[in-house]
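Here the structure is laid out as structure tokens; the discussion comes afterwards.
We did not get these values from a lab; they are worked out from the coordinates using the rules stated. Because the structure is predicted, anything quoted here is derived from the model rather than measured. Methodologically, a virtual Cβ is constructed for each residue, glycine included, from the backbone with ideal geometry; neighbour enumeration extends over all protein chains shown.
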Amino acid sequence: MKVTKAEFVISAVVPAQYPEDALPEIALAGRSNVGKSSLINRMISRKNLARTSATPGKTQQLNYYRVNDDLYLVDFPGYGYAKVSKTQRAAFGEMIERYLLSREELKLVLLVVDMRHPPSKDDISMYEWLQHYNRPVCVVATKADKIPKTRRQKHVKIVKETLGFKPYHSFVMFSSELGLGKDELWAIMESHMGTKDHEEEPYPDSENESNEHL
Ligand SMILES: Nc1nc2c(ncn2[C@@H]2O[C@H](COP(=O)(O)OP(=O)(O)OP(=O)(O)O)[C@@H](O)[C@H]2O)c(=O)[nH]1
Ligand SMILES: [Mg+2]
């Protein structure tokens, strides 16, 4: 996808604040500091639209970014940050759970994991959660640039094994630093967005019929 426009729209705390224009939404889940915001910036070719490396654990909202009037990228709060209180953790769980459970516009969840290490318990729980809610998932193993090329496949194998990766989900090796995996990830995202133009061509058959009578 050629990104011509990208803008931050809202930090939503309650569902009433979610956008109402029914664009497809692709959400990013992952541990705090794993590189979610960096991934967004790389995908939309902006240096710092999604704010990176602010105080970890601070974001407790869903951050909506609109891309080209085609879709929203929705940045989830990062999980697994030790200093988050129990109450905050519960609130986070509730918000994410409600969103995953009921958000019709949600077409795909990118589960972002750090390729350097085996996925954490929280990563595994999140992956299981997404399967439980039957949401399409793409696992994105990021920070690939931190691993020598010859060892990347070994790391991919460990990530998949630890997660219990299901072969019917997508998987992309990524680097926000290098742009590695960007085209592949866009292709996966676009395949989940659905046809945007169907409303402009509601009756293709009747058009053919009328042509036959000409
Ligand atoms: N080398 C390398 N560094 C990365 C990559 N992606 C992110 N980083 C670095 O990792 C740190 C955290 O990145 P963020 O994008 O802020 O992480 P986040 O997941 O949005 O963090 P929270 O918003 O706290 O949940 C920053 O210092 C980034 O520069 C990558 O692909 N390669
Ligand atoms: Mg972030």
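Restricting attention to region 8-194, close to 30% of DSSP beta bridges with both partner residues there are antiparallel. Listed by chain and number, the lysines whose alpha-carbon sits under 23 Å from that of K2, ignoring those within fewer than 8 places in the same chain, are K36, K47, K107, K182, K196. On the basis of the beta-carbon distance and an R0 of 41 Å, E97 and F8 show a calculated FRET efficiency of 0.95.
Overall dimensions of region 8-194, expressed as equivalent-ellipsoid semi-axes from the Cα gyration tensor (√(5λ), whole Å, largest first), are 23, 19, 17.
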